[in-house]
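Read the structure below first, then the notes.
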Amino acid sequence: MSYSVIAPLYDRINGDQYPAYASFLQDAFRRYAQIPVCEVLDMGCGTGRIAALLADAGYDLVALDNSPEMLNIAREHNAGKNTLLLCQDMRSFELYGTVQAVYSSFDCLNYLRTTEELRKVFSLVHLYLEPGGVFVFDVNTRYRLETVFGENTFSYEFGDGLLLWRNEPGKRSCRFVLDWFEEQEDGSYLRFSETQVEYVHAPRTLRSLAAETGFSVEAVLSGTSFDAQPEEHAEKESYILRRLP
């Protein structure tokens with residue numbers, strides 16, 4: 001899957017959410033980890049901005065992503081910080097040692113197609129996460145993928161171009177068609193396109209896999225609010241798992 005279109009635009013779309021998300025993660029570590037959290041894995045780090053914020057807060061970060069385009073930007077954000085960047089797939093990653101916390105932000109797990117792929121990821125997290133450590137991730141819900149995204153089209157206007165985001169829902173999935181129109185000096189536009197697909201993962205599947213792979217489910221939240229439990233029309237859910245002994 002290519003991220004050549006979305007990588008340079010990702011921070012422009014999501015950047016205002018990063019500080020709050022980094023704070024949420026730190027709160028989750030403090031509330032639910034039974035061991036001190038020093039080393040943290042960012043699984044699917046994207047442009048690395050959240051990893052950079054956690055590094056600034058004093059954590060040692062390992063941040064992995066399978067997109068070279070994303071990692072090129074992550075290197076800029078993490079220059080001079082205590083962050084190790086790895087170009088690896090979350091379904092088959094290898095680390096040099098264990099960590100006390102793992103997180104996967106901004107619906108990365110929705111890009112996994114099957115329950116078996118999810119199982120591989122959960123098993124690898126269990127392998128590299130110390131007992132008592134926490135695994136925090138969020139997913140887009142069925143409601144968001146089928147209704148909020150649905151067949152809708154969104155546009156993002158920037159000073160140097162326009163991004164059109166078209167959605168094509170399928171069976172427990174949604175296909176994103178991204179077209180970036182970049183303005184040239186002569187007033188014409190160049191068009192760049194890519195497609196992505198996210199898949200629905202039912203709450204019962206996530207809970208079942210957590211138990212199967214050696215985790216307890218400590219909390220399921222609506223978005224990143226510790227005060228909000230998931231509702232029928234929640235767009236995102238956050239899971240906080242603890243690795244059992």
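Observations on the model:
- If you take all other residues with their beta carbon under 10 Å from the beta carbon of GLY150, and give Lys and Arg +1 and Asp and Glu -1, the sum is -2.
- Spacing of the modelled spin labels on CYS38 and SER123, each 7 Å from Cα toward Cβ, amounts to 3.1 nm.
- The chain - convex hull of the alpha-carbon atoms, volume per residue in Å³: 121
- For segment 148-162, Karplus couplings with θ = phi - 60° (6.51, -1.76, 1.60), whole Hz, Gly/Pro x: 5, 6, x, 9, 7, 10, 10, 10, 10, 9, 10, x, 10, x, 9
- With protein chains left intact and a 1.4 Å probe, residues in segment 163-203 average 55 Å² of accessible area per residue.
- Taking a point 7 Å from the Cα of ARG204 along the Cα-to-Cβ direction, the residues of segment 100-125 with backbone N closer than 16 Å to it are 115.
- The mean sequence distance of close C-alpha pairs (under 8 Å, at least 6 residues apart), as a share of the length of the chain, puts its relative contact order at 19 percent.
- Segment 26-135: C-alpha gyration tensor shape, a/c 1.5 cut-off, then a/b vs b/c: oblate
- Gaussian network model of the chain, springs between alpha carbon atoms under 10 Å - residue of VAL139, VAL217, VAL40 with greatest fluctuation: VAL217
- Spatial separation of Cα centroids for segment 39-88 and segment 197-245, in angstrom: 24
- Surrounding net charge for GLN34, when Lys and Arg each add one and Asp and Glu each subtract one, Cβ distance under 15 Å: +2
- Set of segment 135-169 residues, backbone N closer than 18 Å to the point 7 Å along the Cα-Cβ line of GLU183: 155-164
- Annotation: lysines with alpha-carbon distance below 21 angstrom to LYS171 (same-chain offsets under eight excluded): LYS236.
- Folded to 0 to 90 degrees: helix 203-212 orientation relative to the chain principal axis, Cα: 40
- Computed extension gain for LEU190 through ARG31, at 0.36 nm per residue and net of the alpha carbon distance, reaches 52.4 nm.
- Relative contact order, whole percent, for segment 1-88 stands at 30, derived from Cα pairs under 8 Å and 6 or more residues apart.
- Stretch gain in nm, segment ASP11-VAL197, where the contour uses 0.36 nm per residue and the Cα spacing is subtracted: 65.0 nm
- Under 13 Å, Cβ to Cβ, from HIS126 - net charge with Lys/Arg +1 and Asp/Glu -1: +2
- Sparse-neighbour loop sites [GluC sites (Glu not before Pro); segment 165-245; at most 12 other C-beta within 10 Å; DSSP]: GLU185, GLU231, GLU232
- Among LEU84, LEU112, LEU145, residue whose mean-square fluctuation peaks in a GNM of the chain (springs only between Cα atoms under 10 Å): LEU84
- Cα→Cβ-extended label distance, 7 Å offset, between HIS233 and THR147, nm: 0.6
- Relative contact order (%) - criterion: Cα under 8 Å, at least six apart; region: segment 96-233: 21
- Most mobile listed residue (GLY44, GLY161, GLY132) in the chain, GNM with C-alpha springs under 10 Å: GLY161
- Dipole magnitude (debye, nearest 20) for the chain, charges at Cβ of Lys, Arg, Asp, Glu: 1000
The values are calculated or read from the model by the stated rules, or taken from the named source; none is laboratory data. Since we're looking at a predicted model, the values are computed, not measured. Neighbour counts are summed over all protein chains in view; Cβ atoms, including those assigned to glycine, are modelled from backbone coordinates with ideal geometry. Note: areas computed on protein heavy atoms with side chains; ligands, DNA, RNA excluded. Shrake-Rupley method; radii C 1.70, N 1.55, O 1.52, S 1.80 Å.
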